[in-house]
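Step one of this worksheet: look at the structure below.
The values are calculated or read from the model by the stated rules, or taken from the named source; none is laboratory data. Everything numeric in this text was worked out from a predicted model, so none of it was measured. Here Cβ is always computed from backbone atoms with ideal geometry, including for glycine, and neighbour counts include all displayed protein chains. Keep in mind that these areas ignore ligands, DNA and RNA; they rest on the heavy atoms of the full protein, side chains included. Shrake-Rupley method; radii C 1.70, N 1.55, O 1.52, S 1.80 Å.
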Amino acid sequence: MLLDYYKSLPDYISTIQLKELFEEFLFSISSRTIDVEIALESLFELSDRQWHTYELLDSDVKSEIETWIIGICNKESINEIELIALIIGRLGLVKVYKHLKNLLNNDNVKNEVRITIQETVAELDGHVEDPYFGMK
């Protein structure tokens, strides 16, 4: 299973290997039908490994991930929104952050989803592009 594979990865992986793993992930989600929540959990595992490198993700890979997340973002699922919020913080996904922030203008967003988005905005506003903000 995809998620088990990513969970079993060591905490530290080189940025070169991670780039390959992210590209592999992007290929796998484009080439077959996969449960979105499992895909997001898998992406979170990769994002956490990337964060531990203290280096920013390759910009092309980052752009592909942002496009995918925005395309699948389900404002009805608190679990998916929570995972997306965690991924934003680890990878510095500015476009996804702005997408979530714009959801706050939508009256049809569930209250629990709205609260999660508001917490994410409060935590990341002004430095979303830097996953290492405050650590330097």
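Per-residue accessible area (protein heavy atoms, 1.4 Å probe) orders Lys7, Lys110, Lys75 as Lys7, Lys110, Lys75, starting from the largest. How far, in degrees from 0 to 90, does helix 36-51 lean away from the longest principal axis of the Cα atoms of the chain, to the nearest 10? Here the helix axis deviates by roughly 70 degrees.
Specify the inter-centroid distance of region 65-136 and region 8-44, based on alpha-carbon positions, in whole Å. So the two Cα centres are separated by 19 Å. Kirkwood hydrodynamic radius computed over the chain comes to 15.2 Å, based on all pairs of distinct alpha carbons. Calculated mean residue ellipticity, 222 nm, the chain: -21000 deg cm²/dmol, from DSSP H runs (n ≥ 4) at -39500 (n - 2.57) each, averaged per residue and rounded to 500.
Net charge dipole, region 1-108: roughly 300 debye, given to the nearest 20, about the Cα centre with Cβ charges of +1 for Lys and Arg and -1 for Asp and Glu.
Could you please state how large a percent of the accessible area of region 18-136 is carbon and sulfur, counting protein chains only and using a 1.4 Å probe? Before the final figure, lay out each step's value.
Working: 2910 of 6120 Å².
Of all accessible area on region 18-136, carbon and sulfur atoms account for 48 percent.
What region 1-135 shows is 53 Å² of accessible area per residue, with the surface traced by a 1.4 Å probe over protein heavy atoms.
Length gain on complete extension for the stretch Ala122 to Leu56, per 0.36 nm per residue less the alpha carbon to alpha carbon distance?
Numbers: separation 66, 0.36 × 66 = 23.76 nm, distance 2.18 nm.
So the chain would gain 21.6 nm between Ala122 and Leu56.
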